[in-house]
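Report on the following structure.
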Amino acid sequence: MATPTRDPYEVLGVPRDADEATIKKAFRKLARELHPDVNSHDPDAEEKFKEAAEAYEILNDAERRATYDRYGHDGLRSGGFSPNFEGFGSISDLFDAFFGGGSGGAFGGFGGMGGAAGPAQGRDIAVHAEITLAEAAAGASVDLSFEAIETCAVCHGNGAKPGTPIVTCERCGGVGVLQAVTRSPFGQVMRQMPCDVCHGEGKVPSEPCERCDGRGREVGRRTLRVDVPAGIGDGQRIRLTGRGHAGERGGPPGDLYVSVQIEPHEKLIRDGDDLVTVLDVSAPRAVLGATMRAPSLDGDVDVQVAAGTQPGEVIVVRGEGMPRLRRPGRRGDLRVVVNVVVPRRLNREQRKLAEKLADSMTPENVRTEESLVGKLKRLLGA
Ligand SMILES: [Zn+2]
Ligand SMILES: [Zn+2]
């Protein structure tokens with residue numbers, strides 16, 4: 001999106017205390033103006049429409065609106081496991097569900113209604129799940145909660161009040177398509193469009209279902225527990241077939257895509273299957289060598305700092321990295337980068353010792369076989 005952080009109140013042009021009806025009205029009005037089927041002269045119409053639809057999705061949901069009011073867009077994005085909606089599919093589908101095609105076809109074609117009606121697959125849903133690095137390593141079960149279009153529980157999708165018949169649409173005579181003649185600078189143009197009464201189905205319920213207003217579908221909140229496999233990477237997506245929005249007219253449901261985000265760890269950085277950490281070692285310790293503790297995923301581990309360890313040297317602890325995705329038992333390594341810290345703010349006694357040590361240095365103490373390039377690579381971590 002061009003401007004993902006615009007204030008949704010500003011986008012819809014409503015005051016901050018606007019009630020539900022005002023918000024809905026403002027969105028309807030904007031949507032009519034910006035809908036790509038209507039507004040073909042403004043190249044930005046689709047972007048603006050998406051922005052309006054996203055603003056509406058925030059303000060129309062009491063919980064989401066409250067989160068936005070308190071924490072802004074950041075709050076919506078970082079709400080733990082709460083989902084962030086993205087992808088045009090979800091928005092336009094929710095939009096269709098709210099407004100149907102009941103406004104003279106102005107909204108009908110957004111999802112690409114092609115005239116001939118048949119079972120249409122439901123759209124995909126994208127949600128985010130945020131987990132810790134430890135959860136990514138061990139695998140985790142994540143509870144997701146998100147809005148989805150469901151088949152209406154009362155009419156089971158056919159839009160008719162239970163026990164009432166479905167009859168042939170009178171407006172289009174059951175073909176589902178209307179012929180429209182429009183005048184253009186090039187003369188009269190015949191255009192086919194889906195019937196605005198039956199929305200291309202050719203049949204209409206004689207009495208619409210009261211729960212869904214005859215749409216056959218309704219927006220519901222769904223909760224789902226998703227297993228995240230051990231070793232998953234940041235940004236990887238898990239696809240759950242058939243867990244997306246319900247299909248239309250008996251069509252199959254879409255898919256659910258769970259995009260996994262891994263929170264940064266305080267002490268460990270992931271590099272593929274390896275983990276990297278930095279160990280501060282005082283210069284005298286690096287001179288003498290020592291057994292020290294370095295952070296790992298399962299608590300601290302012992303690392304052997306050899307006598308004479310140089311700044312930037314890497315100690316590899318085998319098998320203490322991330323598990324390899326779908327390869328049980330295999331793990332990467334923990335790479336401990338030694339940061340030799342030169343002591344500062346010495347007291348008098350320490351200073352005396354340091355002077356004594358410095359004075360005792362011989363060329364042999366600082367002699368090295370390392371090449372210039374080798375030294376640079378070590379110091380730059382390359
Ligand atoms: Zn219904
Ligand atoms: Zn019709």
Hits in the range 119-128 - residues which are out of contact with any Phe, Trp or Tyr (no Cβ under 6 Å at 6 or more places or on another chain) and in a strand (DSSP E or B): A120, I125, H128
Odd one out for K267 among (1) away from ligand 1 (no atom under 16 Å from the Cβ); (2) part of a loop (DSSP other than H, G, I, E, B); (3) surrounded by 17 or more Cβ atoms within 10 Å (Cβ to Cβ): (3)
Among residues of the range 136-158, those that are more than 30 Å from R324 (Cα to Cα), among the aliphatic types (A, V, I, L, M), touching a residue at least 60 places away in the same chain (Cβ under 8 Å) and not in a strand (DSSP E or B), counted: 1
Qualifying positions in the range 248-276 - within 18 Å of G319 (Cα to Cα) and free of Cβ contacts under 8 Å to residues at least 40 places away in the same chain: K267, I269
Pairs with Cβ under 9 Å, 6+ apart, first in the range 345-363 and without any contact (Cβ under 8 Å) to a residue 40 or more places away in the chain, second β-branched (V, I, T): L357/V287
Any pair with Cβ under 6 angstrom, 6 or more apart, that starts in the range 284-299 at a residue that is touching a residue at least 60 places away in the same chain (Cβ under 8 Å) and ends at one that is open to solvent by less than 90 Å² (accessible area, probe 1.4 Å): L297/A134; L297/A137
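What's the total number of residues in the range 197-221 that are within 16 Å of ligand 1 (Cβ to nearest atom), within 21 Å of A120 (Cα to Cα) and not in a strand (DSSP E or B)? Can you show your working first?
Here is the first cut: in the range 197-221, the residues within 16 Å of ligand 1 (Cβ to nearest atom) are 198-199, 201, 203-220.
Now narrow it down to the ones that are within 21 Å of A120 (Cα to Cα): 198-199, 201, 203-205, 208-209, 212-220.
Within this subset, residues satisfying the condition of being not in a strand (DSSP E or B) are 198-199, 201, 209, 212-216.
Total meeting the criteria: 9.
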Filter pass, L224 being within 30 Å of A134 (Cβ to Cβ) and either open to solvent by 30 Å² or more (accessible area, probe 1.4 Å) or part of a strand (DSSP E or B) (or both): yes
Residues of the range 159-196 classified as at pLDDT below 85 and either within 16 Å of ligand 1 (Cβ to nearest atom) or in a loop (DSSP other than H, G, I, E, B) (or both), total: 2
Count of residues meeting criterion [under 17 Å from R326 (Cβ atoms) and over 17 Å from the mean Cα position of the chain (by Cα)] in the range 229-257: 3
Top-ranked residue in the range 208-228 [being among the small types (G, A, S) and either in contact with a helix residue (DSSP H, G or I) (Cβ under 6 Å, 6 or more places away or on another chain) or within 16 Å of ligand 2 (Cβ to nearest atom) (or both); ranked as farthest from R239 (Cα to Cα)]: G214
Residues of the range 62-75 satisfying the condition of being at pLDDT below 80 and closer than 15 Å to E147 by Cα: E63
Identity of the residue in the range 297-351, open to solvent by 50 Å² or more (accessible area, probe 1.4 Å) and of a type in the set (G, A, S), that ends up nearest to P264 (Cα to Cα): G329
Residues within the range 269-286 that are charged (D, E, K, R) and closer than 12 Å to V338 by Cβ, tallied: 2
Top-ranked residue of the range 140-177 - restricted to ones that are more than 16 Å from ligand 2 (Cβ to nearest atom) and at positive phi, ranked as surrounded by the most Cβ atoms within 10 Å (Cβ to Cβ): G157
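The values are calculated or read from the model by the stated rules, or taken from the named source; none is laboratory data. The structure presented is a predicted model; accordingly, all values stated were derived computationally and were not measured. Every residue, glycine among them, receives a Cβ derived from its backbone with ideal geometry; neighbour counts consider all protein chains shown. Quick note on the areas: whole protein, heavy atoms, side chains included, nothing else; ligands and nucleic acids left out. Shrake-Rupley method; radii C 1.70, N 1.55, O 1.52, S 1.80 Å.
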